[in-house]
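The structure under discussion appears below in the form of structure tokens.
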Amino acid sequence: MQRTVPRAYEPIAFNRVLAVILGGGAGTRLFPLTKDRAKPAVPLAGKYRIVDIPISNCLNSGLKRVFLLTQFNSASLHRHISQSYKFDHFTGGFVEILAAEQTYGDTSWYQGTADAVRKNLLHFMNNEFDYMVILSGDQLYRMDLRALVAQHVYSGSEVTVATLPVPRSDVPSFGIMQIDESHRIVRFVEKQKDPALQDELKLGRDWYPRLKIQDERELFLASMGIYVFNQESLIRLLDNDLHDFGKDIIPLAIKKQRVHAYVYQGAWEDIGTIRAFFDASLDLTSATPRFDFFDMNAPIFTRARFLPASKINGGMIEQSLISDGCIINRATIRQTVLGLRSVVGEGTELTRTVMMGSDYYESNASILKHEAEGKPRVGVGRNTRIENAIIDKNARIGDNCTISPAGKDKDVDHPLYFVRDGIVVIPKNGIVPNGVTI
């Protein structure tokens, strides 16, 4: 963990910065992984949760006062936060969840990102702060937030928007910024599909050497949904009933206040959909993944568990991540992520699969009881073939099963499974009986 503040940042009081992570709404784009949990609590890379990414960015950057805003299925998220992030009595740090709450003055839930922050201003103002960093809860990236805050302070900005250079093909999915010589944002267009207007927003080639951009493609500065606000500016901009930062507050701020762009060029992935989550997860199994969990200069933190080392009783494993406490019995595993306590039976083949593991080890008595009821044990049974699938936690998949999206529609709802974006998803606690072909 980075504990020292570089000399260039020393004049900035980072203990006067408050971090707020937006946990998102119902997480419909990640359904069914969000059927029983909040989006930030979705397991990632075998042993982590999505929320560990923004929290770790904060801690590695010396920002130790962190709020997480959420309102749907927050029980498992509360449990993960309380068991993972504990500070001593002397640092003054905390990671605290603020779930949506009804009051006598307002019985509505969060209507958007800006509305979520507005409804919690009372809680935020109980903490002294000069700047607020607002982060998204469904992105995979590693950012030194001190550099972001430092630029905000030294530029005299009232609002700073973190931006990412993206190719033309990605423009319809983002809000695109146009900046002047001082990095001040002079124009903002949301999810523009008109090629002529896209041309007007294109980043000029003269910016490439100044930003040390090596890419030769046409690039555009896209909003990452990461912001820094001065306290006074935040309060003024939220003194209305506007709902969202991207759609409402940032365009308003550009007209009325000094808004600058911070250009980020590291690895970044939006993991807000099943396809994006699946692709990002499998990329982690590659020899040189875009996001490196092995970078110990800025580690990703999570709950400390006391599990045995994984046991591999033969088989073949290629280009895969194996988490703690797994038991693999002469299986073939390729380009797969195995979560905590995953059990894989003999003769089984897993290819391009994200298996989230289990919350517990099943006892022999439990295995016999479920077998008597015609249900397989937790994990994947023998001689089963699975490809292009996500197996959520505590799922029971029997012997001699086949699970694949081949030949199925892009989106399917079935009592045993779902298909989203061409990926088969076995839901949490799902059961696939012996011999079933999906």
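The values are calculated or read from the model by the stated rules, or taken from the named source; none is laboratory data. Nothing here was measured: the structure is a model prediction, and the numbers come from that model. For neighbour counting, all protein chains shown are included, and Cβ atoms are generated from backbone atoms with ideal geometry for every residue, glycine included. The accessibility values were calculated without ligands, DNA or RNA, using every heavy atom of the protein model including side chains. Shrake-Rupley method; radii C 1.70, N 1.55, O 1.52, S 1.80 Å.
Below is a table of values for the structure above.
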| quantity | calculated |
| --- | --- |
| Rg over Rh [alpha-carbon atoms, Kirkwood Rh] for region 314-438 | 0.94 |
| Prolate/oblate/rounded label for the chain (Cα gyration tensor, a/c 1.5) | prolate |
| Relative contact order %, region 192-283, counting alpha carbon pairs below 8 Å whose residues are six or more apart | 16 |
| For the chain, calculated [θ]222 nm from helices alone, where every DSSP H run of n ≥ 4 adds -39500 (n - 2.57) | -5000 deg cm²/dmol |
| Vicinal HN-Hα couplings computed from phi for region 334-347 (Karplus, 6.51 cos²θ - 1.76 cosθ + 1.60; Hz; Gly/Pro x) | 10, 6, 9, 10, 9, x, 4, 6, 5, 10, 10, x, 5, x |
| Residue among 297, 214, 342 farthest towards the positive dipole end of the chain, charges placed on Cβ | 342 |
| Counting DSSP beta bridges with both ends in region 359-438, the antiparallel % (nearest 5) | 35 |
| Positive-end residue of 332, 287, 173, charge dipole of the chain with Cβ unit charges | 332 |
| Residue 108-residue 206 FRET efficiency (beta carbon distance; Förster radius 41 Å; 0.05 resolution) | 0.30 |
| Highest to lowest packing among 120-129, 397-406, scored as the average C-beta count within 10 Å | 397-406, 120-129 |
| For region 287-385, alpha-carbon Rg over 2.2 N^0.38 Å | 1.19 |
| In order through region 180-195: 3J(HN,Hα) via Karplus (6.51 cos²θ - 1.76 cosθ + 1.60), integer Hz, x for Gly, Pro | 9, 4, 9, 6, 6, 7, 10, 7, 9, 10, 8, 6, 8, 10, 6, x |
| Global geometry of region 35-118, whether rounded, prolate or oblate, following the gyration tensor of its Cα atoms and the 1.5 cut on a/c | oblate |
| Additional length obtainable on full extension of the chain from residue 292 to residue 13, 0.36 nm per residue less Cα span | 97.5 nm |
| Residue-normalised accessible area of the chain, given per residue in Å² at a 1.4 Å probe | 44 |
| For the chain, size of Cβ-based charge dipole, Lys and Arg +1, Asp and Glu -1, in debye | 760 |
| Straight-distance crosslink candidates among aspartates and glutamates, where the alpha carbon sits under 12 Å from residue 256 and sequence neighbours closer than 8 are dropped | 158 |
| When each of 193/428; 47/410; 311/408 is checked by Cα-Cα distance, pairs over 30 Å | 193/428; 311/408 |
| The chain: relative contact order as a whole-number percent, Cα under 8 Å and 6+ apart | 14 |
| Normalised alpha carbon radius of gyration of region 16-81 [divisor 2.2 N^0.38 Å] | 1.11 |
| Accessible-area ranking of 109, 207, 268, largest first, probe 1.4 Å | 109, 268, 207 |
| P(r) histogram, all alpha-carbon pairs of region 327-395 included - 5 Å bins from 0, percent | 4, 18, 26, 28, 15, 7, 1 |
| log₁₀ of I(q)/I(0) at q = 0.11 Å⁻¹ - region 151-227, Debye sum with one point per alpha carbon | -0.27 |
